[in-house]
Amino acid sequence: MPYLLILIGLLFLLYVAFKYLQQADAARRSKLGRYVLALLLGGLSLFVLLRGNIPVAIVLATGAVLAWQGVLGKYLAARAGVGGKDGSGQKTEPKKSYMSQEEALEILGLQPNPTAAEIKEAYHRLMLKIHPDQGGSDYLASKINQAKDVLLQEHNRRNRG
């Protein structure tokens, strides 16, 4: 009998939620969905914790907090390597900021109009010191890569024309 009452209560809540969602705009639906997901994950975390599986409970609780804050979808999309604010599944390239030729020359420590060999030599020299596998920074390595690409593109353009 108590299960029947719980089932009737849940069906009533689903009916009320469905009617509310029909009238709500997209932003409200998104917010409500986040809160419902957070409450479900939090409840599941509590259940798992009571069953004695503390590590899984911590993961579920973290998911609940991220869902409540509205960043769970963005986090999961970033971990999966997909872009878009909506986690649409479309692969995107990381945004590249514009780098001028002067900035690229400064980064690689070169004079204007370097040869391809000079560009590659400067690149290799810096990457030996800055590479993330050697304890260097991902950001600096990406800037060095971008500087090399900018200068080689300019060098190829100059030699073609």
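Can you pull out the residues in the stretch 104-140 that are touching a His at 6+ places or on another chain (Cβ under 9 Å) and buried (at least 18 other Cβ atoms within 10 Å of the Cβ)?
Pro114, Ile119
Conditions (1) modelled with pLDDT under 55; (2) surrounded by 12 or more Cβ atoms within 10 Å (Cβ to Cβ); (3) of a type in the set (Asp, Glu), marked per residue:
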residue	(1), (2), (3)
Gly63	no, yes, no
Ala67	no, yes, no
Leu72	no, yes, no
Gly81	no, no, no
Gly89	yes, no, no
Tyr98	no, no, no
Gln101	no, yes, no
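The values are calculated or read from the model by the stated rules, or taken from the named source; none is laboratory data. What you see is a predicted model, and the numbers here were worked out from it, not measured in a lab. Because the Cβ atoms are built from the backbone with ideal geometry, glycine has one as well, and the counts that use them run over all protein chains shown.
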